[in-house]
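To start, the structure itself, in C-alpha cells.
The values are calculated or read from the model by the stated rules, or taken from the named source; none is laboratory data. What you see is a predicted model; the values in this text were computed from it and never measured. Note: ideal-geometry Cβ built from the backbone for every residue, glycine included; neighbour counts use all protein chains shown.
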C-alpha cells in the first residue's frame with residue numbers, strides 16, 4: 001500500500017505491506033535504526049516515536065496507520081548535529097548508560113514536556129513509567145527531564 | 001585534571017541521537033534472516049523433524065537440524081564443552097532450538113519456521129533442587145559428556161568444600177539455623193540477543209555479537225570451525241546492557257555454521273521471550289547454621305548451598321566457587337565450613353549475572369546476622385561492626401586481607417539512613433553488607449598510538465556495555481599523556497584490531513585494563529623522553545617534539561602495556577582476588593499491612609571504590625545496580641509450570657522496576673581511600689549496589705511488620721500472607 005507521511009520533517013511517499021508495523025518499517029525499510037526493538041508488545045517503550053506530536057509505541061502501530069501523519073523519531077531530535085535541550089540534559093546528568101532504551105526515553109520525555117513544560121518529579125516518574133531501563137538509570141533520567149524543563153523556563 | 005572528574009560519556013552523543021549501532025542495527029548486503037524452531041516443553045525426546053514443507057517455502061535458503069551439522073555434534077561452553085549447536089535427540093530446556101531456518105526476509109524465515117514439523121514426546125523433567133537431588137529423577141546430562149567425572153551419574157555438576165577451623169568443636173551461646181531461597185531471575189537487558197555471521201575472504205568468518213567477551217568467543221568459534229584464531233574475527237559492538245548475560249556464547253556457533261553453509265551473511269535476532277529462555281541467574285537454596293557468642297561475635301558458620309543451574313554447565317562452577325569462597329561475608333569467622341553444589345536441571349542455562357553468586361549468599365549471611373541481633377537484643381548495625389574484618393586482617397586465612405575500611409562504609413550508610421532516629425508508624429529500617437571477590441587471574445593488553453599532532457588512539461579489548469569503560473580509559477590515557485580528553489579516541493570490540501583482554505567481567509576493567517592503558521602510556525612517555533634527549537629538546541612541549549620528529553608523514557609513537565595476575569593452581573579460585581568489592585546498603589520502608597505492598601521511603605548504597613576516576617559514572621552504576629537489586633528483592637522471579645515452561649515469559653508478566661518503583665529518595669555514597677590496585681588507587685565498581693539489597697530491605701520489612709521472610713521476592717502477596725499468618729500459598 002502507498003502512504004504519505006512526513007518523517008522527521010521530510011514529506012515521503014512510501015510503499016508498505018499492510019501487515020508491517022511502523023517499527024519494522026522505520027528500521028528495516030527507512031533504515032532509521034535509532035528506534036529500538038525490545039519487547040514488541042508495547043511494554044518496554046524502547047520503540048517510542050511521536051505521531052503528530054503524540055507518543056506511540058511503534059511496535060503496536062501498523063505503518064499504514066501512519067498515513068497522512070507526521071512521524072518524529074530520535075533521528076529528528078538534534079538539528080544540524082546540535083543536541084536539543086533534552087538530549088544535552090541526558091548527557092549532562094549521566095542518564096545514559098548502555099543507551100539502548102535512551103531513544104525511547106528521550107521521545108517519551110519530549111512528549112511529556114510538550115504537554116507539561118514544567119512537570120514535578122512525580123509527574124516525570126508517571127510520564128516515563130512506560131519506558132524500561134535495565135541499567136536502572138531512572139534517577140538520572142528523571143533529573144535530566146527536570147533539568148531540560150528548567151532550561152526551557 | 002581529568003581523573004576524578006565527571007566527564008561526559010564517550011559515545012554519549014551517539015546514544016542520545018540514535019546513531020549508536022547495536023548489533024540489530026547492522027545490516028549487510030545479501031544478508032539472510034534466521035528464525036529458530038522450538039518445542040513447547042522443557043524436556044522432550046525428539047522423534048522426527050520434517051523440514052520438507054519449510055524448505056519449499058518462498059525465500060527459504062536453508063533449514064538446518066542437528067542431522068545436517070558435523071557428527072558428532074560440536075559442543076561448546078566457557079568451561080565444559082557440553083552445549084550442542086542445536087538440540088540432539090532431546091531438548092534440555094524450554095526454548096532450546098531444534099532447527100533453524102535461514103531465508104531471504106524476516107517474514108519468510110518466520111513463516112517457514114512454522115512449517116517445520118517436529119514430532120516429540122514430552123519426558124519428565126528436573127525443575128527444582130529437590131528433583132535434581134532425587135536419585136529417581138532423570139539425568140539432565142548424558143554421562144558420556146563427562147566420562148571421567150565420578151558425579152556423571154548424578155545431576156550434580158560439582159560439589160565444593162571450603163573453610164577453616166573446627167566447626168564441630170566451636171562453642172556458641174546462640175545457634176541460628178535457617179533456610180533461604182533465592183529465585184531464578186532473568187537479565188532482561190533491553191537489547192535482546194542478536195547475532196550476525198558472514199564468510200570472510202581467505203576462508204575465515206566474521207561474527208558480530210554483543211559480547212562482553214570477544215576473545216573467548218573467538219577461541220571457541222575457532223575450535224568449533226577448525227579455523228586458526230586469526231581467521232575468526234569477532235566484532236563486538238557495544239552491548240545494549242549485558243549484566244553477565246552476554247559473557248558466554250549462545251547462538252554464535254549456529255550463525256557461524258549457517259554463514260559458512262550458505263556462503264552468505266546471516267542474522268539472528270532473538271525476541272525478548274527467546275532471550276528470557278537463554279539466560280538467567282542461578283537460583284539457590286541455602287541452609288545456614290551460625291554460632292554466636294553472647295556478645296554478638298561470630299563463633300562459626302556452617303553453610304550448605306545448592307545452586308540450581310540450568311541444562312548446561314556454562315559458568316556455574318565458577319559461580320559456586322566464588323560465592324562459596326566468601327559465603328561467610330566480610331566478617332571475622334573463627335571456624336567455617338561451607339559446602340556448595342551446582343545442580344543440573346531442565347531449565348534455561350544459568351550464567352554469569354551481576355554479583356555472580358554474591359546476592360544469593362549475602363541474602364543468607366546478612367539475614368542470619370539480623371536474626372542473631374534480634375535474639376541477642378543487639379543493635380543490627382552494632383553486631384555487624386563488631387564482626388567486620390578490619391583493614392589488613394586476613395579474614396579468609398592466607399588470602400588477600402581486607403583491603404578497605406569497611407566499618408567506614410557501614411557508618412556512612414547508617415548515618416545516611418538515619419539509623420537510631422525515631423521511625424514513623426508502619427516503617428522500618430534495615431542495613432546489610434556484602435562482599436565479592438573480584439577478578440583473580442587474567443590479563444589485559446592495550447596499545448596506545450600517540451599521533452604526530454599529539455592526539456591519541458587507545459586500543460582496548462574491553463566491552464563498553466553501559467558502565468562507561470570507554471570514557472574512563474580515555475581519562476587515564478589523557479591524564480598520563482598530558483593531552484586534552486577530547487584528543488583521545490578509544491577503539492574497542494574487534495578482535496582483528498585490538499589486543500587481547502580476558503573479558504569484561506567481575507568489575508575488572510578499571511583495574512586491569514586501566515593499568516594496561518596506563519602502562520602503554522608510560523611506555524610512550526619513556527620513548528618521548530629518549531626522543532627529546534636525541535633532539536636536544538628536553539624542555540620542548542610534547543606536541544612540538546612530535547611535529548619535529550614525525551611531521552605529518554613520518555610516523556607516530558606506539559606504546560604497549562599489559563597487566564596480568566598469574567594463575568595459582570593451589571588457590572581455590574585459581575588466584576587471589578585482586579581487590580574486594582564491598583557494599584553497604586541501607587533502606588527505610590513503609591509496609592501497607594492491608595495489601596502487603598512495600599514503599600521504599602529511602603534507599604542508600606555505599607561503595608568502597610578506592611578512587612572514583614569518574615564519580616558520575618560510579619554513582620550511576622551503583623544506583624543502577626541498586627534499582628536492579630530492588631527487582632529481585634521485590635518483584636522478579638521466573639515461574640515454571642509442570643512442563644518446565646516459563647509461565648511469566650515476556651515483559652508483560654515478568655516485571656522489572658520502572659520509574660514508579662523507585663524509592664522516594666535514593667543516594668549513592670562513595671568511600672575513597674585510594675587503597676585499590678587500579679590506576680590512582682581505584683578498585684572495580686558497579687556490582688555492589690545489588691549485592692545487599694534483599695537483606696537490607698527484608699530487615700526493614702521485619703522491623704516494620706514483625707514478620708521474617710526468607711524467600712524472595714518480597715511480593716505484596718507474600719508479605720501480606722506472612723503478616724496475616726497465611727504462610728506461602
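Among (1) more than 11 Å from chain B (Cβ to nearest Cβ); (2) more than 12 Å from the chain's Cα centre (by Cα); (3) modelled with pLDDT of 95 or more, which single condition is residue A:132 missing?
The number of the failed condition is (1).
Let me confirm something: among B:206, B:169, B:198, B:242, which residue is more than 25 Å from residue B:109 (Cα to Cα) and either in contact with a strand residue (DSSP E or B) (Cβ under 6 Å, 6 or more places away or on another chain) or more than 14 Å from chain A (Cβ to nearest Cβ) (or both)?
Just one listed residue meets the conditions, B:169.
Answer yes or no as to whether residue B:630 is without any contact (Cβ under 8 Å) to a residue 40 or more places away in the chain, more than 25 Å from residue B:513 (Cα to Cα) and either at the interface with chain A (Cβ under 9 Å from one of its Cβ atoms) or surrounded by 24 or more Cβ atoms within 10 Å (Cβ to Cβ) (or both).
no
Going by what's in this entry, would residue B:160 be described as within 30 Å of residue B:371 (Cα to Cα), touching a strand residue (DSSP E or B) at 6+ places or on another chain (Cβ under 7 Å) and outside any loop (DSSP other than H, G, I, E, B)?
yes
Would the stretch B:399-413 turn up any residue that is modelled with pLDDT under 95 and either out of contact with any strand residue (DSSP E or B) (no Cβ under 6 Å at 6 or more places or on another chain) or within 30 Å of residue B:564 (Cβ to Cβ) (or both)?
yes
Looking only at the stretch A:46-94, which residues are over 25 Å from residue A:1 (Cβ atoms), within 8 Å of chain B (Cβ to nearest Cβ) and in a loop (DSSP other than H, G, I, E, B)?
Within the stretch A:46-94, A:46, A:77, A:78, A:83, A:94 meet the criteria.
I need a count of the residues in the stretch A:96-113 that are in contact (Cβ under 8 Å) with a residue 40 or more places away in the chain, closer than 20 Å to residue B:11 by Cβ and under 16 Å from the mean Cα position of the chain (by Cα).
Residues in the stretch A:96-113 being in contact (Cβ under 8 Å) with a residue 40 or more places away in the chain, closer than 20 Å to residue B:11 by Cβ and under 16 Å from the mean Cα position of the chain (by Cα): 7 in total.
Suppose the filter is crowded, with 19+ Cβ neighbours inside 10 Å, under 21 Å from the mean Cα position of the chain (by Cα) and in a loop (DSSP other than H, G, I, E, B); does residue B:684 pass it?
yes
Looking at the stretch B:96-115, which of the residues that are more than 16 Å from residue B:259 (Cα to Cα) and crowded, with 24+ Cβ neighbours inside 10 Å is farthest from the other protein chains (Cβ to nearest Cβ)?
In this case the residue turns out to be B:96.
Where the second residue is crowded, with 21+ Cβ neighbours inside 10 Å and at pLDDT below 95 and the first is at the interface with chain B (Cβ under 7 Å from one of its Cβ atoms) and lies in the stretch A:31-42, which pairs have Cβ atoms under 6 Å and are six or more apart or on separate chains?
Sorted first by the residue in the stretch A:31-42, then by its partner, the pairs are A:39/B:651.
Among the residues of the stretch A:114-128, write down those that are surrounded by fewer than 16 Cβ atoms within 10 Å (Cβ to Cβ), in a helix (DSSP H, G or I), more than 8 Å from every other protein chain (Cβ to nearest Cβ) and without any contact (Cβ under 8 Å) to a residue 40 or more places away in the chain.
A:115, A:121, A:122
Taking the condition of being surrounded by 24 or more Cβ atoms within 10 Å (Cβ to Cβ) and touching a residue at least 60 places away in the same chain (Cβ under 8 Å), how many residues in the stretch A:129-147 meet it?
The number of residues fulfilling the criteria is 2.
Inspect all residues belonging to the stretch B:637-659 and state whether any of them is within 10 Å of chain A (Cβ to nearest Cβ) and assigned to a helix (DSSP H, G or I).
yes
Taking residue B:668 as the residue in question, decide whether it is in contact with a strand residue (DSSP E or B) (Cβ under 8 Å, 6 or more places away or on another chain) and more than 12 Å from chain A (Cβ to nearest Cβ).
no
Please work out which one of (1) surrounded by fewer than 21 Cβ atoms within 10 Å (Cβ to Cβ); (2) in a loop (DSSP other than H, G, I, E, B) is the condition residue B:714 fails and give its number.
Of the numbered conditions (1) surrounded by fewer than 21 Cβ atoms within 10 Å (Cβ to Cβ); (2) in a loop (DSSP other than H, G, I, E, B), the odd one out for residue B:714 is (1).
Identify the single condition in (1) over 25 Å from residue B:206 (Cα atoms); (2) crowded, with 24+ Cβ neighbours inside 10 Å that residue B:466 does not satisfy, given that it satisfies every other one.
Exception for residue B:466: condition (1).
Go through the stretch B:578-630 and give me each residue that's part of a helix (DSSP H, G or I) and in contact with a helix residue (DSSP H, G or I) (Cβ under 8 Å, 6 or more places away or on another chain).
Result: B:617, B:620, B:621, B:622, B:623, B:624, B:625, B:626, B:627, B:628, B:629, B:630.
Scan the stretch B:1-30 for residues that are more than 17 Å from residue B:468 (Cα to Cα), over 26 Å from the mean Cα position of the chain (by Cα), surrounded by fewer than 19 Cβ atoms within 10 Å (Cβ to Cβ) and modelled with pLDDT of 95 or more and jot them down.
Residues satisfying the conditions are B:19, B:27, B:28, B:29, B:30.
Taking the stated definitions as given, is residue A:22 crowded, with 24+ Cβ neighbours inside 10 Å, more than 14 Å from chain B (Cβ to nearest Cβ) and farther than 18 Å from residue B:17 by Cα?
In short, yes.
Determine whether the stretch B:519-532 contains at least one residue that is under 25 Å from the mean Cα position of the chain (by Cα), in contact (Cβ under 8 Å) with a residue 40 or more places away in the chain, on the phi < 0 side of the Ramachandran plot and crowded, with 21+ Cβ neighbours inside 10 Å.
No, that holds for no residue.
Residue by residue through the stretch B:564-579, note down the ones that are more than 22 Å from the chain's Cα centre (by Cα) and surrounded by 14 or more Cβ atoms within 10 Å (Cβ to Cβ).
Listed by number, the list holds a single entry, B:571.
Please work out if residue B:495 is within 21 Å of residue B:242 (Cα to Cα), touching a strand residue (DSSP E or B) at 6+ places or on another chain (Cβ under 9 Å) and within 14 Å of chain A (Cβ to nearest Cβ).
So residue B:495 does not fit the description; no.
Could you say which residue among B:433, B:511, B:476 is touching a residue at least 40 places away in the same chain (Cβ under 8 Å), within 27 Å of residue B:408 (Cα to Cα) and in a helix (DSSP H, G or I)?
So the residue among B:433, B:511, B:476 that is touching a residue at least 40 places away in the same chain (Cβ under 8 Å), within 27 Å of residue B:408 (Cα to Cα) and in a helix (DSSP H, G or I) is B:511.
Take the conditions in contact (Cβ under 8 Å) with a residue 24 or more places away in the chain, away from chain A (no Cβ under 14 Å), in contact with a helix residue (DSSP H, G or I) (Cβ under 6 Å, 6 or more places away or on another chain) and farther than 22 Å from residue B:610 by Cα and apply them to residue B:455. Does it pass?
Taking the combined requirement at face value, the residue satisfies it.
Looking at (1) on the phi < 0 side of the Ramachandran plot; (2) within 12 Å of another protein chain (Cβ to nearest Cβ); (3) in contact with a helix residue (DSSP H, G or I) (Cβ under 6 Å, 6 or more places away or on another chain), which is the only condition residue A:147 fails?
(2)
Going by the conditions given, is residue B:694 away from every other protein chain (no Cβ under 14 Å), assigned to a helix (DSSP H, G or I), within 20 Å of the chain's Cα centre (by Cα) and touching a residue at least 60 places away in the same chain (Cβ under 8 Å)?
In short, yes.
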